[in-house]
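Peer 1: The following block contains the structure, expressed as structure tokens.
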Amino acid sequence: MIIDANITGVSYTPLLCSELKAYDMVALENGVKAQITVKNYLGGLYYLTSDEARINGNTISIIESKHTKSQSIPSLGDIKDGLIKMLLWTNLKDVRVDGRKYDIKPVLKLTSGSTTPCYSDKQRSLIVKLKQEASVNKFQLELPQGCEL
């Protein structure tokens, strides 16, 4: 899938760690990796990818996934890397696929191969902060099973 976007400034309230315009994606299959072209107000083009993209009606979910095989949740470094993408995705404007405009729903998806639930105080504190950041900055947070608070 190819997504086009434009950017004119950046607006984000980081709690853990501008505005973008999306301008044209090509043939989208739900759940596939997306190629995203972001254009800034000076005409510069930036080529990015998302791990997944899904269309549901007039909304496109652009998903950044972070995975860990052995821990309950991905490392803080991986999560911060995902938050950088959320900064970009939450500021996309005029998002289009094959010329059709869509509303955007950015998603930070955390997955785990571990069956250990998130019980440590440190993990719980991190999840509370992530939920707060997702709420303030208007992106969806998907947590591994057993880590929902």
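Peer 1: Determine which lysines satisfy two conditions relative to Lys66: a Cα distance under 26 Å, and not lying fewer than 8 residues away in the same chain.
Peer 2: Cross-link targets: Lys21, Lys33, Lys39, Lys80, Lys85, Lys93, Lys105, Lys109, Lys122, Lys129, Lys131, Lys138.
Peer 1: List the GluC sites (Glu not before Pro) within the range 80-149 that DSSP assigns to loop and that have no more than 12 neighbouring Cβ atoms inside 10 Å.
Peer 2: Sites meeting the loop and neighbour criteria: Glu148.
Peer 1: May I pose another question? Show log10 I(q)/I(0) for the range 57-149 at q = 0.17, 0.25 Å⁻¹, two decimals, from a solvent-free Debye sum over equal Cα scatterers.
Peer 2: -0.72, -1.27
Each value in this text was obtained by applying a stated rule to the coordinates, not by laboratory testing. Being a predicted model, the structure only gives us computed values, none of them experimental. With ideal geometry, Cβ positions are generated from the backbone for all residues, glycine too; neighbour counts draw on all protein chains shown.
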